[in-house]
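First up is the structure itself, then whatever we jot down about it.
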Amino acid sequence: MRTERFEGTIGATLAESTPDFDTPPDPGPGAPDVLVIVLDDTGFAQLGCFGSDIDTPNIDALAADGVVFTNFHVTPLCSPTRAALLTGRSHHDAGMRGLSNFRTGFPHMLGHLSHGTATMAEVLSDAGWATFAVGKWHLAPMEECSAAGPFDQWPLGRGFDRFYGFLDGETDQFHPSLTVDNHHIDPPATPEDGYHLSEDLVDRALEMITASTNVRPDRPVFTWFALGATHAPHQAPAPYRDKYRGRYDEGWDVVRERWFERQKELGVVPSHTELSDRNPGVEAWEALPDTERRLAARLQEAFAAFLDHTDDQIGRLLDGLRDLGRLDNTIVVLVSDNGASQEGGPYGVMHEMKFFNGILETPEQAIGRIDDIGGPHSHTNYPWGWAQCGNSPFRWYKQNTHEGGVHVPFILRWPRGLADQAGTTRRQFAHASDLAPTLYELCGVDAPETYRGVEQRPITGRSFAPVLRDAASPATNTVQYFEMAGSRAIVRGGPDGELTKAVCKHDKGADYDTEPWELYDLLADPAEGHDLAAERPELLGELIELWWSEARANRVLPLDDRLIELFGVRFRPLSPHPESRRYVYRPSPWPMPAQAGAAIGGRDFDMTATVVREAGQDGVLFATGTENSGLSLFVQDDRLVLDYNAFDDHTVVVSDTPVPAGASVVELRVRRVDHTSGTAALLIDGSPCGSAELPLLMRIMSSVGASIGHDHGSAVSPRYQAPFPFQGTLTELVIQLSPDRHHGDSDPTTAAEAAHGMSRQ
């Protein structure tokens, strides 16, 4: 941070004065660049160097020339892990209990990073590093991620000099929602042009680094490179999808066994490890009907293609740094934010948003579009069986505090600083919160006690730099708690290398005091196959008490088992969601994040647009979502049209009278009939002109929000080509939500409960 202290002297004339120039911060010669590569929803076994048969040669080469950690842990969800990685604190202490989409009114769930927990970007920037964030952010309240801001929790508000990527938790890889610095942009190309987001991110990262080092080659660079991969939707260019065709027809049981055996050969799990049993809800592959096997195999192919393509992009990024002459003195970290995702349900889904609506898409429903899987016309996620395969040898998944949710691959490479450790492995326990203090130590930087006038929370992570330098060094993190939506765990190391874990898989609504805990010896039983709770009740009780002690110290309390239902909005003054529930919009080139726009999912609402047009002036008045799910109201061939796209089941209403030339008022009225269905009616100048039943009234339409006067991204309706801007004048568009709480708000919904049930199998 620049200061304005003047320490020279001022006399009557220049000759009598002494100038003083501020000196920019300088970490000194030889300070390393830092590149943190964060994969999304990538399980412990899914990289080639961790056991899989997916082609990841560039990541494998990184591992062969670096230090591989086989006992690295994170939180079981993306925003919390990113909070821990970037701040060096527990995610609760940093204000990120769950996703940044949520705020609960408690210090552990702010929806953003606490100002008392400075990020690595803030610390390294003040120490003299250039700082760039590329890819996924998901650390700002999503209702604050529109063009209205505020921007203090966007990357540039948390220490980064530049940003290129997306602010939400996921985005379409072919039609991404993109932000540059503090403003939104359209993608620079289309799928037809060969566009894919991962390639774009690499290009932009190298542009930023090159531009910086051209002018200041002496200045080190910190790059936070957080890919959308391998979070759903699993999407990759066609050649990658074709490469894996038929690769997984033998099914998850055979593949899982093969990956597990390779894990033992590679040494990423001890030779005595036993493969965990299938998770509940995962059927034997041979027992599945043919349709279910065909769909599941194709969904896994899409995931493999996505990861393979991602590996090639990581290779391009590393090659670019090598060409710049900077790679040898770059600390490269590669880590996943949590285990493989369970959000595809038991069968997998063509439309991941079905999961968040509590809908199980059957293979018979999905198989008709099997050839779309992995391409620009799909939004897929694989089934539980492949997710557990990806988490081999562990149990459970993302969202769970068992090892399948929190045990991930980790690689660190630094030729100049750790040349003698290249190709070595570490089995010591480490955690996401340990990364920041480790990098501070390697860079010779001290974390501040006060930042921007705010007293800083203590860094709870423990530097594992000694472990990097000496494979025989003991683990520095000997007590680590976990918590997610009421599921809890604690790992404790002992003086003789013992590693024990107590874990409770919470069922929503269950009594925290009486639900059972499990106990495992992780050295003897890394896959948590043999519960010792009955054999060693005293040890279990001791660990449970330790968990409560850590919970009190790290602002974990109060325990809160809400997740999906927290996507609901809070209507309040001075917010994007007024108490009146009346939203007034005018055309804008910038889209709104889903949680910043009118909360029309699952509720009654009236949409009224005042327009002035001439005959033949068509276009979109309002659109939200994508070609996979959403709603679009538009004028086409002089008729008012509604396309309610419920996961490719299109309910289309076309007005039976034309929209007149001149000024007119057009309306859409949606009414909820029961928990799952509704009706839609169109009006022109107050006169009804068309209606239809809505068999499925979506509660969560899409992760992509609304646009006014056009349709950004992939077209919600196949009846036009996006963006299809309105050619007349859209004076204003008003959305009025029902005041009846029965029709929405933040109360738990049937859909949320169903989705919870799907995720807790």
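The values are calculated or read from the model by the stated rules, or taken from the named source; none is laboratory data. Note that the structure is a prediction, hence the values are computed from the model and not measured. Virtual Cβ from ideal backbone geometry, glycine too; neighbours counted across all protein chains shown.
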Checklist entry - Looking at (1) without any contact (Cβ under 8 Å) to a residue 24 or more places away in the chain; (2) in contact with a Ser or Thr (Cβ under 7 Å, 6 or more places away or on another chain), which is the only condition Glu257 fails? => result (2)
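What strands (runs of 3 or more DSSP E), lying completely within region 104-218, carry at least 1 residues that are of a type in the set (Gly, Ala, Ser) and modelled with pLDDT of 95 or more? Step through it out loud before you land on a result.
On the way: elements: 130-136, 162-166, 178-180, 183-185.
In region 104-218, the matching strands (runs of 3 or more DSSP E) lie at 130-136, 162-166.
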Next on the checklist: Kindly evaluate Asp308 against the criterion of being in the same structural domain as Ala238 (by TED's automatic domain parsing) and farther than 30 Å from Glu207 by Cα.
Outcome noted: no
Checklist entry - Right, Leu360: assigned to a helix (DSSP H, G or I) and of a type in the set (A, V, I, L, M) or not? => result no
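Looking only at strands (runs of 3 or more DSSP E) that fall completely inside region 623-741, which ones have 2 or more residues that are of a type outside the set (Phe, Trp, Tyr) and more than 30 Å from Asn101 (Cα to Cα)?
Values: elements: 629-636, 639-646, 649-658, 662-672, 678-684, 687-694, 706-708, 729-737.
Those strands (runs of 3 or more DSSP E) span 629-636, 639-646, 649-658, 662-672, 678-684, 687-694, 729-737.
Yes/no matrix, rows are residues, columns are (1) part of a loop (DSSP other than H, G, I, E, B); (2) hydroxyl-bearing (Ser, Thr, Tyr); (3) over 29 Å from Arg427 (Cα atoms); (4) modelled with pLDDT under 95:
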| residue | (1), (2), (3), (4) |
| --- | --- |
| Glu250 | yes, no, yes, no |
| Lys264 | no, no, no, no |
| Leu317 | no, no, no, no |
| Val332 | no, no, no, no |
| Gly339 | yes, no, no, no |
Checklist entry - Does any residue in region 113-138 that is assigned by TED's automatic domain parsing to the domain that holds Leu206 and among the aromatic types (Phe, Trp, Tyr) come within less than 6 Å, Cβ to Cβ, of a residue that is surrounded by fewer than 24 Cβ atoms within 10 Å (Cβ to Cβ) and not in a loop (DSSP other than H, G, I, E, B) six or more places away or on a different chain, and which pairs are these? => result Phe132/Arg162; Phe132/Met208
Checklist entry - When residues of region 514-523 are filtered for being surrounded by fewer than 14 Cβ atoms within 10 Å (Cβ to Cβ) and either farther than 14 Å from Leu540 by Cα or of a type in the set (S, T, N, Q) (or both), how many remain? => result 1
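So how many residues does region 20-48 have that are more than 39 Å from the chain's Cα centre (by Cα) and either surrounded by fewer than 10 Cβ atoms within 10 Å (Cβ to Cβ) or modelled with pLDDT of 95 or more (or both)? Don't jump to the end; show me each part of the working.
The initial filter retains those residues of region 20-48 that are more than 39 Å from the chain's Cα centre (by Cα), namely 20-22.
Remaining after also requiring either surrounded by fewer than 10 Cβ atoms within 10 Å (Cβ to Cβ) or modelled with pLDDT of 95 or more (or both): 21.
Total meeting the criteria: 1.
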Checklist entry - If you go through region 631-638 one residue at a time, do you hit one that is over 26 Å from His351 (Cβ atoms), touching a strand residue (DSSP E or B) at 6+ places or on another chain (Cβ under 9 Å) and of a type in the set (Ser, Thr, Tyr)? => result no
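Those residues that are β-branched (Val, Ile, Thr) and touching a Ser or Thr at 6+ places or on another chain (Cβ under 8 Å), I need them from region 409-445; list them, please. It would help to see each step written out before you state the result.
Initial filter on region 409-445 (β-branched (Val, Ile, Thr)): 411, 424-425, 438, 445.
Of everything in region 409-445, those that are β-branched (Val, Ile, Thr) and touching a Ser or Thr at 6+ places or on another chain (Cβ under 8 Å) turn out to be Thr425, Thr438.
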Checklist entry - When you look at Asp41, is it outside the structural domain of Ala229 (by TED's automatic domain parsing), in contact (Cβ under 8 Å) with a residue 24 or more places away in the chain and of a type in the set (D, E, K, R), yes or no? => result no
Checklist outcome for this item: Within region 552-568, of all residues that are touching a residue at least 12 places away in the same chain (Cβ under 8 Å) and aliphatic (A, V, I, L, M), the one nearest to Asp93 (Cα to Cα) is Val556
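Among Ala366, Ala432, Ala340, which is farther than 24 Å from Val255 by Cβ and either without any contact (Cβ under 8 Å) to a residue 12 or more places away in the chain or not aromatic (Phe, Trp, Tyr) (or both)? Show your work before the answer.
Numbers: Ala366 fails: farther than 24 Å from Val255 by Cβ; Ala340 fails: farther than 24 Å from Val255 by Cβ.
Of the residues listed, the single one that is farther than 24 Å from Val255 by Cβ and either without any contact (Cβ under 8 Å) to a residue 12 or more places away in the chain or not aromatic (Phe, Trp, Tyr) (or both) is Ala432.
I'd like to check something: does region 368-376 contain any residue that is among the aliphatic types (A, V, I, L, M), out of contact with any His (no Cβ under 9 Å at 6 or more places or on another chain) and buried (at least 20 other Cβ atoms within 10 Å of the Cβ)?
First, the residues of region 368-376 that are among the aliphatic types (A, V, I, L, M): 370, 373.
Narrowing the set further to residues that are out of contact with any His (no Cβ under 9 Å at 6 or more places or on another chain) leaves 370.
Retained after the next criterion (residues that are buried (at least 20 other Cβ atoms within 10 Å of the Cβ)): none.
Checked region 368-376: no residue is among the aliphatic types (A, V, I, L, M), out of contact with any His (no Cβ under 9 Å at 6 or more places or on another chain) and buried (at least 20 other Cβ atoms within 10 Å of the Cβ).
Looking at this structure, is Val332 over 25 Å from Asn628 (Cα atoms) and in contact (Cβ under 8 Å) with a residue 12 or more places away in the chain?
Details: over 25 Å from Asn628 (Cα atoms): yes; in contact (Cβ under 8 Å) with a residue 12 or more places away in the chain: yes.
Against the criterion (over 25 Å from Asn628 (Cα atoms) and in contact (Cβ under 8 Å) with a residue 12 or more places away in the chain), Val332 qualifies.
Within the bounds of region 244-252, is there any residue that is touching a Cys at 6+ places or on another chain (Cβ under 6 Å) and closer than 20 Å to Phe50 by Cβ?
Yes, some residue in region 244-252 is touching a Cys at 6+ places or on another chain (Cβ under 6 Å) and closer than 20 Å to Phe50 by Cβ.
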Checklist entry - In region 227-245, is there at least one residue being β-branched (Val, Ile, Thr) and surrounded by fewer than 19 Cβ atoms within 10 Å (Cβ to Cβ)? => result no
Checklist entry - Which residue out of Thr190, Thr171 is of a type in the set (Val, Ile, Thr) and more than 24 Å from Pro576 (Cα to Cα)? => result Thr190
